[in-house]
Structure formats: structure tokens, C-alpha cells
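The values are calculated or read from the model by the stated rules, or taken from the named source; none is laboratory data. Computed from a prediction, not measured in an experiment: that's the story for all the values here. Neighbour counts run over all protein chains shown; Cβ positions are idealised from the backbone, glycine included. For the accessible areas, the whole protein counts, side chains as well, though only heavy atoms, and no ligand, DNA or RNA atoms are used. Shrake-Rupley method; radii C 1.70, N 1.55, O 1.52, S 1.80 Å.
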Amino acid sequence: VRSLRVEDIKLLIAARKNGYASVNQLRDAGLSEAVLERLADADAFRSMNMDRRNALWHVSVKGHQPQALVHETHTEEGIDLPVMQLSEHVVHDYAATALSLKAHPVSFVRDQLDQFRILSASSLGKGMNGDYVKVAGLILVRQRPGTASGICFITIEDETGTANLVVFQKMFDKFRKEIIQSKLIMVEGELQIEGEVIHVIVKKCHNFSPLLGKLTASRDDSLALKHSRADEKSSPFLDKKHSNDVIQGKIFPEGRNFR
């Protein structure tokens with residue numbers, strides 16, 4: 001969980017014994033309110049039948065109200081917090097832990113991708129060598145080995161698995177901004193299949209990161225970055241009216257770069 005110190009985790013583990021049944025037991029163990037809030041935001045209280053929103057409310061109320069009032073508040077009927085959509089949970093999971101066990105972000109935009117015949121990573125193996133294909137995913141890794149004559153190797157991930165992209169020097173220079181800035185990238189290119197090894201030789205790149213902004217209704221700038229002028233680029237697959245949609249720039253992985 002991001003922003004949690006090793007000391008906090010050691011304290012939590014040392015006092016855990018047979019598990020925690022309440023937030024107050026975590027307080028009694030010596031965990032601060034800030035730590036409890038981070039744990040709640042990471043959705044760590046599911047075993048207590050609380051999702052992150054209920055847990056955050058519970059932590060906040062317990063920490064700032066007298067015990068008698070808190071007891072009254074919790075027994076009072078009619079408290080109904082808004083239910084978070086699954087896509088919102090996934091966004092917050094990535095913000096807190098850089099991954100989600102609930103779903104993959106690309107799964108929520110699959111319908112839009114299907115409209116433009118953009119394949120999933122797992123379906124590339126069903127194609128024929130030399131096919132012209134489109135595939136999209138979150139960028140995990142970019143590599144430009146010094147011995148590869150400027151070739152960039154990219155690994156992307158969607159809800160079905162990973163796909164490997166090969167970008168030659170000329171294409172890298174042409175689409176450098178899309179390759180470096182995209183969280184969610186869509187590429188077009190030639191499918192190359194040699195035995196069990198599958199690559200896409202990239203011919204075009206598109207920054208599809210604005211689609212990620214639709215995963216949450218939140219407009220909290222701490223969770224999102226607005227599309228800047230420098231990032232604007234016309235694309236046949238993204239409506240211009242969405243060019244200023246929020247992008248989860250601080251949440252989804254930047255992609256690891258290796259040489």
C-alpha cells in the first residue's frame with residue numbers, strides 16, 4: 001500500500017494474532033488515523049464486511065467523535081452511503097496498490113475497443129502471420145537495448161493477458177510522444193508469428209489514455225490529470241469532444257523503461 005511505512009506494517013503484523021475484528025483493534029495496536037485511512041482507501045477492511053467507502057467513513061467518524069455519539073451513529077438506521085461502481089474501485093485500487101484483483105481497467109472500455117475491431121491480447125494468437133491488426137493495452141515495459149539499432153520493445157497488458165510490440169527506429173521517432181506519454185496505448189501493425197512467439201510490428205500509435213478517465217465519475221485532481229494542450233492529438237478513434245477528459249495519469253503505471 002502506497003505511503004505506508006515498513007514500521008507501520010510490522011506493528012500491524014505483530015499485533016494481528018488471530019486477526020482483527022474491528023477498526024478499534026487496529027487503533028489499540030497503535031496504528032495512527034493516517035495509517036487507518038490509507039488501509040481503508042486500499043480496501044483492506046473487506047474481512048470486516050466494509051468496502052473502502054464504508055471503511056473510510058467508519059475510520060473518520062470513530063476518530064473524531066466521542067464514543068457514545070459514535071455508538072449512536074452506527075446503530076442509527078438509514079445511513080446509506082453511495083455505492084461505488086466496480087470501475088471506481090479498480091481506479092482506487094491502482095491508486096493505493098498499483099494493481100487490482102477485482103478487474104482490469106481495459107475490461108471497462110472493451111466495448112469501445114470492439115467497435116473499432118481492436119483485438120484483445122489473447123486473440124492475437126488466432127491470427128495469421130502478416131495480418132494487419134489493432135491491439136490496445138496499458139504499457140508495462142519499454143525497452144531500447146543499445147544493441148538493437150534503436151528498436152523499442154514494448155509490453156502491453158489488457159484483461160486477457162500481455163502482447164509484445166516491436167517499434168523500429170523510424171516509427172519510434174514518429175510516434176515518440178504517444179509511446180512515452182500513453183498509459184493506455186492503441187497500436188496498428190503487422191502481426192508476426194514464429195512458433196509460439198507473437199509480436200506486432202508497429203506502424204501507427206494512438207494515445208487512448210482519455211478512455212481511462214471514464215472509469216470514475218470523480219473529478220478530484222488528486223486522482224486525475226487533465227488532458228493538457230501538449231497532449232492533444234487528433235485520432236480517428238477518439239471523439240474530439242472527449243479530448244479534455246480526465247486521464248488517470250497519477251494512477252495507472254507509467255511503464256518501466258530499460259536499456
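Quick notes on this one:
- Residue among Val83, Val70 that alone is part of a helix (DSSP H, G or I), among the β-branched types (Val, Ile, Thr) and either at pLDDT below 95 or open to solvent by 20 Å² or more (accessible area, probe 1.4 Å) (or both): Val70
- Test: Thr147 is within 24 Å of Leu113 (Cβ to Cβ) and open to solvent by 60 Å² or more (accessible area, probe 1.4 Å): no
- Complete set of residues in the range 30-53 that are open to solvent by less than 20 Å² (accessible area, probe 1.4 Å) and either out of contact with any helix residue (DSSP H, G or I) (no Cβ under 9 Å at 6 or more places or on another chain) or farther than 15 Å from Arg5 by Cα (or both): Ala40, Asp43, Phe45, Arg52
- Test: Val106 is in contact (Cβ under 8 Å) with a residue 60 or more places away in the chain, under 14 Å from Lys183 (Cα atoms) and open to solvent by less than 50 Å² (accessible area, probe 1.4 Å): yes
- The residues listed here are His58, His89; of these, the one that is modelled with pLDDT of 90 or more and under 30 Å from Leu212 (Cβ atoms) is His89.
- Pairing each residue of the range 150-177 that is more than 14 Å from Gly255 (Cα to Cα) and among the polar types (S, T, N, Q) with any residue that is surrounded by fewer than 16 Cβ atoms within 10 Å (Cβ to Cβ) and at pLDDT 95 or above, provided the two are 6+ apart or on different chains, yields C-beta distances under 6 Å for Thr160/Ser122.
- Residue in the range 192-199 that is under 15 Å from the mean Cα position of the chain (by Cα), of a type in the set (A, V, I, L, M, F, W, C), under 25 Å from Leu99 (Cβ atoms) and part of a strand (DSSP E or B) present: no
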